[in-house]
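Colleague: The structure under discussion is supplied below as structure tokens; questions concerning it will follow.
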Amino acid sequence: MPSPYILVLYYSRHGATAEMARHIAKGVERAGLEAKIRTVPAVSTQVEAVTPAVPEQGAVYATYDDLKNCAGLALGSPTRFGNMAAPMKYFLDGTINLWLTGELVNKPAGVFTSTSSLHGGQESTLLSMMLPLMHHGMLICGLPYSEAALTQTQAGGTPYGPSHLAGPNSDRALDEYEIQLCVALGKRLAEFAKKLEQ
Ligand SMILES: Cc1cc2nc3c(=O)[nH]c(=O)nc-3n(C[C@H](O)[C@H](O)[C@H](O)COP(=O)(O)O)c2cc1C
């Protein structure tokens, strides 16, 4: 029996969501579970376009088995027009067999995002990312206000999940509160996953 892990699955173009994923993975590991960080390929309007089997940078691509076998899931995407990016939606649209067989039912899941503007749709992205996970029967895990960073942050961080303000040039680094909330989500997912597997 393979050891349980939390799948930290993200899409990132400029690296901010990828950085959030690494902090979430730290939280998972601090709570004593393995974190498996995976990404998804970009999609293209050119139907003949193909991506290399191994990405040039960042995590390797997720397989549907990575998702099927996880004990919990952290799902991250940059905000695109107030919603998740197409590559993540495309990956999720391919999970119909997991839905038919109920593989993800009762597994804990959380969501995270990065935006360039503070009121540019962090909450709408996070809430809409929860929808397919709820159809899969996953247990949605947000962030409680007992996390002090939620009230201290001047940038990203929501009760719906960690978020990050990248700024107009998409180059603002994660600040201490945004990092704390990423770590908190990872820990929370790992702790719930351990309890649910007992
Ligand atoms: C097509 C497109 C749509 C975007 N839509 C939004 C948006 O609705 N609100 C916002 O604040 N930022 C928006 N952005 C900016 C990204 O969310 C932001 O740059 C984010 O930090 C990128 O994350 P990444 O570094 O993981 O790629 C958009 C960017 C692109 C390319």
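Colleague: Tell me the net charge near Pro108. Cut-off is 11 Å between Cβ atoms, Pro108 excluded, with +1 for each Lys or Arg and -1 for each Asp or Glu.
Modeller: Net local charge, Pro108 excluded: +2.
Colleague: Moving on. Apply the Karplus parameterisation 6.51 cos²θ - 1.76 cosθ + 1.60, with θ equal to phi minus 60°, to every residue of the stretch 18-35 and state each ³J(HN,Hα) to the nearest whole Hz, in sequence, with x for glycine and proline.
Modeller: So the Karplus estimates, Gly and Pro as x, are 5, 5, 4, 4, 5, 6, 4, 4, 4, x, 4, 5, 5, 8, x, 10, 6, 10 Hz.
Colleague: Here is a further query. Using DSSP loop states and a limit of at most 13 other Cβ atoms within 10 Å to flag chymotrypsin sites (Phe, Trp or Tyr not before Pro), what is the longest stretch of the chain containing no flagged site?
Modeller: That would be 1-80.
Colleague: Select from the stretch 1-91 those GluC sites (Glu not before Pro) which occupy a DSSP coil region and have at most 13 other Cβ atoms within 10 Å, ordered by residue number. Please list the in-between numbers first.
Modeller: Working: sites: Glu19, Glu29, Glu34, Glu48, Glu56; in loops: Glu48, Glu56.
Those satisfying the criteria are Glu48, Glu56.
Colleague: Of all DSSP beta bridges in the chain, what percent run antiparallel (nearest 5)?
Modeller: Counting only bridges with both partners in the chain, antiparallel ones make up about 10 percent.
Colleague: If you don't mind, another one. Could you derive backbone 3J(HN,Hα) for the stretch 172-186 from the dihedral phi with the Karplus parameters 6.51, -1.76 and 1.60 (θ = phi - 60°), listing whole Hz in sequence and x where the residue is Gly or Pro?
Modeller: 7, 5, 4, 8, 4, 6, 4, 5, 4, 6, 5, 4, 4, 5, x
Colleague: Also: Amide H neighbours of Val8 under 5 Å, counting only residues 5+ apart in sequence or on other chains, H built in-plane at 1.01 Å?
Modeller: Lys36, Ile37, Arg38, Ala74
Colleague: Between Asp66 and Tyr90, with labels modelled 7 Å along Cα→Cβ, what's the label distance in nm to one decimal, could you check?
Modeller: 1.6 nm
Colleague: At a Förster distance of 35 Å, what's the computed FRET efficiency of Ser3 paired with Val43, Cβ-Cβ distance as r, to 0.05? Walk me through the intermediate numbers first.
Modeller: Working: r = 32 Å, r/R0 = 0.93.
It comes out at approximately 0.60.
Colleague: For Glu176 and Asn106, what does the FRET efficiency come to when R0 = 30 Å and r is the distance between their Cβ atoms, rounded to the nearest 0.05?
Modeller: E(calc), rounded to 0.05, equals 0.35.
Computed from the coordinates by the stated procedures, all read-outs in this text should not be read as laboratory data. Note that the structure is predicted; figures quoted are calculated from it, not measured. Backbone-built Cβ (ideal geometry, glycine too); neighbour counts: all protein chains shown.
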